[in-house]
1. Report the full-extension gain for the segment residue 247 to residue 416: residue separation times 0.36 nm, less the Cα-Cα distance, to one decimal in nm.
2. Within segment 127-177, what whole-number % of the accessible surface is contributed by carbon and sulfur, with the 1.4 Å probe and all protein chains included in the calculation?
3. What value, in deg cm²/dmol to 500, does the helix sum -39500 (n - 2.57) over DSSP H runs of n ≥ 4 give at 222 nm once divided by the residues of the chain?
4. So what does residue 45 come to for accessible area, using a 1.4 Å probe and Å² rounded to 10?
5. I'd like to compare 115-128, 281-294: which one has the highest average count of other Cβ atoms within 10 Å, and what's the full order after that?
6. Applying 1/(1 + (r/R0)^6) with R0 = 51 Å to the Cβ-Cβ distance of residue 218 and residue 125, what FRET efficiency is obtained, to the nearest 0.05?
7. Leaving out same-chain residues fewer than 8 places away, which lysines sit with a Cα under 19 Å from that of residue 320?
8. Stick to Cα atoms and the Kirkwood definition of Rh, then tell me Rg/Rh for the chain.
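The values are calculated or read from the model by the stated rules, or taken from the named source; none is laboratory data. Quick caveat: nothing in here was measured; it's all calculated off a predicted structure. Positions of Cβ are backbone-derived with ideal geometry, glycine not excepted, and every protein chain shown enters the neighbour counts. Note: accessible area is taken over every heavy atom of the protein model, side chains too, but ligands, DNA and RNA are not part of it. Shrake-Rupley method; radii C 1.70, N 1.55, O 1.52, S 1.80 Å.
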Amino acid sequence: MNQRNDMTRGDHIMKQLFFFMLPMLLGNIFQQFYNIADTVIVGNWVGADALAAVGASSPIFFLFVAAANGMSAGGGVVIGQYFGAGDHKRCRKSITTFLIFEGVVATALGIVGIFICKPILQMINTPANIIDGANTYLCIYMGGLAFNFLYFALSAVYRALGDSKPPLYFLIICTILNIVLDLVFVINFGWGVAGVAIATIISQTVCCVISWIVLYKKIAFLEQPDETGWARYYNNEMAMKMFKLAIPSTIQMSSVSLVGIMMQGIINNYGTAYIAAYTAANKVDNITFMPAMSIGVAMSAFTAQNIGAGKIKRVREGVKMGNLLSLIFCLSVSAVVFLLGPTIVSWFISGEGSQQIIDIGSVMVRFIVTFTFLSGLRNVYENTLKGVGDMNMVMFITIAGMVVRYLAALVMMKPFGFAAVYYSIPVAALFEVLASFWRWKTDKWKRTIVVREAEFDESLEV
């Protein structure tokens with residue numbers, strides 16, 4: 001297992017990145033399938049109001065998902081760099097430290113989330129006919145937030161160790177279970193929006209438990225730390241190191257969700273049809289974005305291991321291969337979605353008034369996917385910087401990009417109306433590509449490397 005998951009050696013970097021990201025891509029697609037299942041089932045069997053309710057709640061629960069991702073990024077960098085440096089004892093302790101810390105934070109956030117969801121929905125002018133459904137969905141989701149966090153954490157551990165396949169297998173199980181439960185709870189039991197939320201929480205819990213059991217067996221090759229008792233499993237210094245990395249990463253990802261909430265506030269003013277269309281179009285765009293996202297995560301793991309091994313030259317070559325791989329995938333998938341966009345959007349809604357929703361969503365999808373390649377390039381550079389440990393700069397770039405998006409939307413609203421919501425997306429993506437590319441070229445990121453046991457030498461073999 002040790003050599004198979006080692007990304008610090010091998011001549012064919014693109015091939016290595018491709019086969020590492022492929023399970024993540026498939027896993028992300030399955031994850032989107034079970035998210036899409038929620039919207040398709042409520043849109044077709046409950047109605048437009050239910051679809052809009054799920055859509056209106058999405059930016060808020062994605063705020064918490066962003067926190068989970070941010071925490072996972074911090075832990076993944078530390079674990080990956082220890083693994084790349086060959087320090088197996090500290091690698092093992094960093095894994096258990098990470099999971100304990102993540103569980104405590106997730107439980108606290110879930111409790112807070114239950115109390116703040118309704119006020120946020122009211123603050124962003126959620127229409128009266130969908131606010132109760134949206135709040136129900138969110139409160140149920142918050143009740144199971146700890147399992148969602150721990151699943152993200154466990155997936156980050158697998159990736160840090162160079163093994164991206166297990167999360168795919170668990171997501172397949174999770175997706176199948178979620179779809180079956182959606183059908184049972186919504187169609188058979190008639191639980192509506194609450195049914196899809198309960199189905200999601202049950203499937204994520206099962207996925208989390210299985211993931212932990214398998215990981216416990218897989219890390220047997222890592223030597224046990226020398227300490228005994230509690231100190232063998234938890235180290236406060238490691239936790240703080242992860243926390244320091246997680247703060248900027250969490251703020252970065254949360255800023256995306258916060259702007260999403262602000263944009264949702266703009267969309268809510270246009271009424272249920274536009275909310276439903278935006279929800280459907282976003283689900284389609286999320287699938288299109290999966291290759292870019294998966295390649296980005298692969299770059300983060302690849303970079304962390306090679307930085308730990310001191311192979312900066314190999315990281316530079318990895319960035320070139322990552323960009324090429326991202327362009328190939330993004331342009332290919334975007335072309336397919338552009339052609340099939342209206343058909344795909346039509347899957348989300350049926351019945352009276354559905355054609356207006358399909359027309360609005362189709363235009364939005366076709367515009368957004370035209371510029372997905374920018375998101376791909378942005379993900380390569382930003383995740384490479386994350387793998388190094390340059391979290392603060394990635395945070396600043398992302399926050400600035402989200403500010404650019406929001407301001408661009410406000411400026412374009414008068415001449416373009418609702419279209420300003422999605423016209424602003426490529427504007428922000430281009431800004432982030434240029435900013436992250438500049439940071440990478442300056443080499444100032446070298447000062448942020450977390451694990452410094454190795455000698456860093458540009459002449460080391462690729």
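1. This chain segment gains 57.2 nm when fully extended.
2. Here it works out to 70 percent.
3. Using -39500 (n - 2.57) per qualifying helix, the result is -28500 deg cm²/dmol.
4. Accessible area, nearest 10 Å²: 150 Å².
5. Top to bottom by mean Cβ count within 10 Å: 281-294, 115-128.
6. 0.60
7. Within the straight-line cut-off, residue 320 pairs with 15, 311, 386, 441, 444, 446.
8. My calculation puts Rg/Rh at 0.96.
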